[in-house]
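Data first, discussion second: the structure below is written as structure tokens.
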There are 2 protein chains.
Amino acid sequence: MIESAKAFAPASVANVAVGFDILGHAVQSLGDCVTARRSPQPGVRIQSIAGVTTDLPLDAANNTAGRAVLALWELNRAEGGVELHIEKGIPMSSGLGGSAASAVAAVVAANELLACPADKLTLLRCAMLGEQAASGSMHLDNIAPSLFGGLVLTVGIDNPRIKQIPVPRSIRCVFVHPHLRVATSDARALLRKTVSLSDFVWQSANLAGFICGCYTNDLEMIRDSLFDVVIEPQRQQLIPGFTVARASALANGALGCSISGAGPTVFAWCDARHAQQVRSAMVEAFGQHGLPCDDWVTSIEAKGARLSVQAASKVRARE
Amino acid sequence: MIESAKAFAPASVANVAVGFDILGHAVQSLGDCVTARRSPQPGVRIQSIAGVTTDLPLDAANNTAGRAVLALWELNRAEGGVELHIEKGIPMSSGLGGSAASAVAAVVAANELLACPADKLTLLRCAMLGEQAASGSMHLDNIAPSLFGGLVLTVGIDNPRIKQIPVPRSIRCVFVHPHLRVATSDARALLRKTVSLSDFVWQSANLAGFICGCYTNDLEMIRDSLFDVVIEPQRQQLIPGFTVARASALANGALGCSISGAGPTVFAWCDARHAQQVRSAMVEAFGQHGLPCDDWVTSIEAKGARLSVQAASKVRARE
């Protein structure tokens with residue numbers, strides 16, 4: 001019987017410009033780790049929170065990781081309890097799916113303690129219930145890529161279907177986090193409740209073109225499609241310097257550039273050979289607005305949440 | 001020098017439930033033929049209109065086929081004139097892309113008379129200008145599948161990009177034309193000018209799920225995605241019996257069922273083994289509403305407009 005397991009779940013870029021609430025992709029450069037440890041005391045407890053963000057609820061029912069594991073525990077009528085140790089690698093309110101990653105890492109780790117581990121779709125649902133504690137709404141566009149890896153489409157909420165969409169191998173994602181906070185709830189509250197029919201058609205064409213471009217390795221199709229005519233125009237006001245950063249990214253060869261999730265992180269897709277100049281251009285643009293940044297370049301590997309080596313070897317031994 | 005050429009262009013199902021104004025697929029069971037004949041008299045003339053629909057303008061500038069060839073002629077500064085003989089196989093105002101098919105067949109045939117034949121994207125643009133004469137608006141969701149064949153995505157109007165999306169081989173399209181007319185302009189006029197944000201997200205998920213389902217041969221994903229929450233609810237009032245026909249199709253195994261273009265033709269996608277029972281169920285449903293139907297079953301082959309055998313052999317001889 002395994003006493004403890006540790007899992008890493010990657011950060012993620014939700015929406016990906018054209019798939020509001022349905023598309024997201026993992027980024028491997030940062031993520032959250034959660035250790036789950038068996039406890040004789042029933043229930044789920046958050047034992048510690050460390051890392052780049054510590055200002056999070058210690059009450060399990062109000063913590064995304066705690067809530068997700070509570071859901072997993074209830075579903076499996078599991079006996080005994082769990083202690084969670086959370087190590088945050090993803091900054092708070094950065095638009096990089098931090099709450100989703102904590103929920104995903106928590107269920108992946110806690111799942112190892114179960115006599116009958118749950119399947120991935122069950123973990124997805126439990127993590128979604130966890131993230132709901134943070135965002136107030138149910139969506140999967142961060143959860144699914146963090147759990148499965150790569151570029152992921154989610155269709156449906158009650159009975160979700162997941163599709164990993166292949167990403168052309170030469171594509172890199174540059175993502176730049178200017179040092180300001182945008183609360184997901186604020187970014188959601190400012191959205192208009194309707195979309196004009198013409199923007200609906202335009203964005204549909206972009207979404208479809210982007211997906212077809214990915215399946216057929218057609219970078220020019222991706223370039224022509226990877227822009228957001230619905231959400232970004234409403235949210236860009238929350239991010240000083242966004243329009244300049246976006247223009248600089250495109251001028252330096254990016255295929256597309258938009259807001260990661262609710263922001264303020266801004267991401268750009270580009271061919272690998274343009275990645276460094278796109279990165280510099282974006283950082284410089286935010287610098288001109290007095291905003292220091294953290295910045296990364298990542299490939300979009302289809303590698304989702306995983307157990308840390310020690311735990312993984314235990315699992316292999318058990319199997 | 002070729003004196004005349006004849007081309008066939010297939011009918012098409014536009015929108016395909018989830019891609020309003022951007023998706024369409026060809027159906028091979030019916031279509032229009034146009035013969036283009038060189039004439040010493042400059043300009044374009046409609047010499048005859050025969051077939052299932054003859055009540056169409058003979059004035060070339062107001063006829064979709066005539067207008068399309070005029071555009072091709074002007075673009076190529078072609079000398080001399082063209083006579084067009086149109087044979088309509090597609091019923092008027094049926095929602096099967098009849099005006100698009102005439103425009104496509106006309107430019108494909110007339111193109112053979114040019115010293116320097118135009119490429120397919122040029123033919124697409126000219127046919128679009130032709131169809132504009134009929135519908136009043138510019139869109140490609142009938143034109144592109146009729147010209148290219150198969151299931152086709154069009155992104156953009158001014159500089160359109162075309163993507164043929166693979167369709168799982170076992171899929172058949174059942175389409176049923178109840179005998180009533182719906183004018184495209186009426187069907188368009190009744191649409192609300194906005195879409196709710198939640199329906200926008202839902203339909204985006206359906207569109208993306210449908211495309212991914214096609215690329216990955218995933219019939220269950222197609223089943224979960226192939227329904228229209230935006231346009232169909234508004235247009236179904238134009239087609240008595242539609243809701244019963246749709247329910248019958250789904251109850252008999254259809255993956256999805258919706259309105260073809262602006263209607264009144266209703267189409268259903270299904271696995272080949274369910275095609276005949278879906279067809280019977282739909283015809284019976286319309287029969288209960290006193291509407292006789294024409295009905296077909298077709299595979300969705302990637303076969304677009306083509307020259308008739310005689311003309312094609314001339315072309316091969318010339319090359």
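Just so it is clear, none of the values below were taken in a lab; they were calculated from the coordinates. Quantities reported herein were computed from a predicted structural model and do not represent experimental measurements. Backbone-built Cβ (ideal geometry, glycine too); neighbour counts: all protein chains shown.
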When the distances between all Cα atoms of the stretch B:107-194 are binned every 10 Å from zero, what whole-number percent does each bin get? 13, 35, 36, 14, 1
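List every DSSP H helix in chain B whose Cα atoms extend 18 Å or more along the helix's own long axis and whose mean Kyte-Doolittle hydropathy is at least -0.5.
Helices passing the filter in chain B: B:98-111, B:120-135, B:197-215, B:275-288.
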Net charge within 13 Å of A:Glu301 by Cβ-Cβ distance, Lys/Arg positive one each and Asp/Glu negative one each, not counting A:Glu301 itself? +4
Which residues qualify? For B:Ser308, with a placed amide H closer than 5 Å and at least 5 residues away or on another chain, they are B:Lys6, B:Ala7, B:Phe8
How large is the Kirkwood hydrodynamic radius of chain A, in angstrom, based on all distinct alpha carbon pairs? 19.6 Å
Mean projected area in nm² (Cα convex hull; one quarter of hull surface) for the stretch A:224-285: 3.9 nm²
Taking the Cα centre of the stretch A:87-179 as origin, sum charge times position over the Cβ atoms of Lys and Arg (+1) and Asp and Glu (-1), and report the length of that vector in debye to the nearest 20. 320 debye
Explain nothing, just compute: Karplus ³J(HN,Hα) = 6.51 cos²θ - 1.76 cosθ + 1.60, θ = phi - 60°, for every residue of the stretch B:228-236 in order, whole Hz, x for Gly and Pro. 10, 9, 10, 8, 4, x, 7, 9, 4
Under a cut-off of 16 Å between alpha-carbon atoms, report the lysines in cross-link reach of A:Lys193, not counting same-chain residues fewer than 8 places apart. B:Lys193
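Given +1 on the Cβ of Lys and Arg, -1 on the Cβ of Asp and Glu, and no further charges, what dipole in debye does the stretch B:166-208 carry about its Cα centre, rounded to the nearest 20?
Its charge dipole is roughly 120 debye.
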Lys, Arg +1 and Asp, Glu -1 on Cβ, resulting dipole of the protein assembly as shown about Cα centre, debye, nearest 20: 640 debye
The ³J(HN,Hα) series, computed from each phi in the stretch B:177-187 with the Karplus coefficients 6.51, -1.76 and 1.60 at θ = phi - 60°, rounded to the nearest Hz and given as x for glycine or proline, is 10, x, 7, 8, 10, 10, 7, 3, 5, 5, 5
5 angstrom amide H check on A:Gly97, placed H, neighbours 5+ away: A:Ser12
Calculated on alpha-carbon atoms, Rg and Dmax of the stretch B:171-299 in Å: 14.5, 40
Quick query: amide H of B:Ser39 versus all other amide H atoms, modeled in the peptide plane; which residues come in under 5 Å with a sequence gap of 5 or more or a different chain? B:Gly81, B:Val82, B:Glu83
Vicinal HN-Hα couplings computed from phi for the stretch B:19-33 (Karplus, 6.51 cos²θ - 1.76 cosθ + 1.60; Hz; Gly/Pro x): x, 3, 6, 10, 10, x, 9, 6, 10, 8, 6, 8, x, 10, 10
For the protein assembly as shown, what is the largest minus smallest coordinate of the Cα atoms on each principal axis, given in angstrom and ordered from greatest to least? 92, 59, 44
Straight-line reach only, C-alpha to C-alpha below 29 angstrom: list the lysines that A:Lys303 could link to, leaving out same-chain residues fewer than 8 apart. A:Lys6, A:Lys88, A:Lys120, A:Lys163, A:Lys314, B:Lys163
State the answer as a single residue: which of B:Ile171, B:Cys212, B:Gly287 lies farthest towards the positive end of the charge dipole of the stretch B:171-299, with beta carbon charges of +1 for Lys and Arg and -1 for Asp and Glu, about the Cα centre. B:Gly287
